[in-house]
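The values are calculated or read from the model by the stated rules, or taken from the named source; none is laboratory data. Fair warning: this is a prediction, and the values are worked out from it, not measured in the lab. No Cβ is skipped: glycine too gets one built from the backbone with ideal geometry, and neighbour counts run over all protein chains shown. The protein model used for the area step is the full one, side chains on, heavy atoms only, and it has no ligands, DNA or RNA in it. Shrake-Rupley method; radii C 1.70, N 1.55, O 1.52, S 1.80 Å.
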Amino acid sequence: MAIGLPEEFGGVGGEFSEVILAIDLLYQAGLVMPAITTQFMARAAILKHGSEEQKRRFLQPSASGELLISAGITEPDSGSNLFKLRSSVKRLPSGDFLLNGTKTYQTGFVEAQYCQVVARSEGGDDYAARTKGLTMLMVDTKSPGISATKMDIQMFMPDRHYTVSFDDVVVPKENLLGNEGEAIKVLFDWLNPERLIGAANAVGQADYVLEKTAEYAKIRAPFRSPIGAYQAIQHPLAIAKSHNEAARLMMYDCARRFDLGEDVELQSGMVKWLTSESFTQATNIAMDTFGGASLDLSTDLLPFYLLAKLQEVAPVANNIVLNQIAEKAFGLPKSY
Ligand SMILES: Cc1cc2nc3c(=O)[nH]c(=O)nc-3n(C[C@H](O)[C@H](O)[C@H](O)COP(=O)(O)OP(=O)(O)OC[C@H]3O[C@@H](n4cnc5c(N)ncnc54)[C@H](O)[C@@H]3O)c2cc1C
């Protein structure tokens, strides 16, 4: 948790590339922790947009893991189209904020101490002004007026996901991140870290699954030879491994360019899509190789099959990423 944070905020230093490396290596070892995705995204936003006081208050305890931060974006009617979000935030005479609304699919909300919530201080109905009036607040998850209900999501993971209602929740003015009504700037700065973290999750897990599959293929022998001797098993494994290595190389290149301050919006979208595809490819061959055993939870494979599906949908659906690549790379018109 201390990686990628300056020493003055309790970190051990390092750039975003080191965060990506750490996640890749942990996930290669099968240590999957979805909640750290929101933690690293949130910290990237605080590092860039937080005041000095906010950096000390939120980053320092996050380096030791004492403070966890969840991400409050998705709402029941606003997933792929985040601009449709309806949660509202108003200024009180004291200068503090009053937050109302509902968020859903909130990973680790109850376990986290703070949630970075995006709400509207104005607008919403005017399409042309959809990016205006968004405000981001660091909300204490134990504030009065908050109620969280655990969703029935079964990923065979320790992480929990919640639907959260904010009913007249008072948020101190000191917890405004960036400028009021200008959260779009923070959201744009989330984009690349979010995609790169998702990519590191995917390539790391793909390798874990491929290694596990190769080990099984060496010992499982329903006929005379182990199934790993058959090209019907070898070739998909070899193809998945090659795709994953190619995707990983592009991911590290993108992370390095991000650290250099280059515009990587197009490349990070490609990296998100490529890595989630190679993860899916890896889990498909893994499920085929394990046969019936793939559905036995004791082989610890099924969670990764579901995680590969999750990677295709969240934090942003692959279809949306492909739309954005087509628009940005070729200037094709937007249809939605
Ligand atoms: C396990 C899990 C954890 C999550 N954790 C968090 C979290 O911590 N915080 C948070 O804020 N959110 C979280 N999310 C929400 C996640 O970010 C959304 O699920 C994601 O943004 C997609 O939104 P949606 O599910 O509403 O899909 P929808 O917007 O309903 O879209 C459904 C599908 O339609 C297709 N589609 C939609 N629009 C287009 C288009 N214009 N062109 C082509 N295809 C399109 C896509 O294939 C998409 O998958 C989580 C989700 C899951 C499943």
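Okay, here's what the table says:
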quantity: Boolean, D207 is away from the ligand (no atom under 12 Å from the Cβ), at pLDDT 95 or above and part of a helix (DSSP H, G or I); calculated: yes
quantity: Flag for V164 being open to solvent by less than 10 Å² (accessible area, probe 1.4 Å) and in contact with a helix residue (DSSP H, G or I) (Cβ under 7 Å, 6 or more places away or on another chain); calculated: no
quantity: Cβ-Cβ under 8 Å pairs, at least 6 apart or on other chains, segment 303-329 side among the polar types (S, T, N, Q), far side within 10 Å of the ligand (Cβ to nearest atom) and in a helix (DSSP H, G or I); calculated: N318/E312
quantity: Every residue from segment 50-65 that is touching a helix residue (DSSP H, G or I) at 6+ places or on another chain (Cβ under 9 Å) and either open to solvent by 50 Å² or more (accessible area, probe 1.4 Å) or of a type in the set (S, T, Y) (or both); calculated: S51, E53, R56, R57, Q60, S62
quantity: Hits in segment 288-311 (condition: open to solvent by less than 40 Å² (accessible area, probe 1.4 Å) and part of a helix (DSSP H, G or I)); calculated: T289, F290, G291, A293, S294, T299, L302, P303, F304, L307, A308, Q311
quantity: Qualifying residue in segment 219-232 (condition: polar (S, T, N, Q) and touching a Phe, Trp or Tyr at 6+ places or on another chain (Cβ under 8 Å)); calculated: no
quantity: Segments classed as strands (runs of 3 or more DSSP E), wholly inside segment 38-155, with at least 1 members that are more than 12 Å from the ligand (Cβ to nearest atom); calculated: 88-91, 97-107, 114-120, 134-140, 146-150
quantity: Selection count where residues are among the small types (G, A, S) and more than 12 Å from the ligand (Cβ to nearest atom), scope segment 303-336; calculated: 3
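One line per residue, one yes/no per condition, for (1) in a helix (DSSP H, G or I); (2) under 20 Å from S17 (Cβ atoms); (3) open to solvent by less than 70 Å² (accessible area, probe 1.4 Å):
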| site | (1), (2), (3) |
| --- | --- |
| L237 | yes, no, yes |
| H243 | yes, no, no |
| Y252 | yes, yes, yes |
| A255 | yes, yes, yes |
| L274 | yes, yes, yes |
| S278 | yes, yes, yes |
| A286 | yes, no, yes |
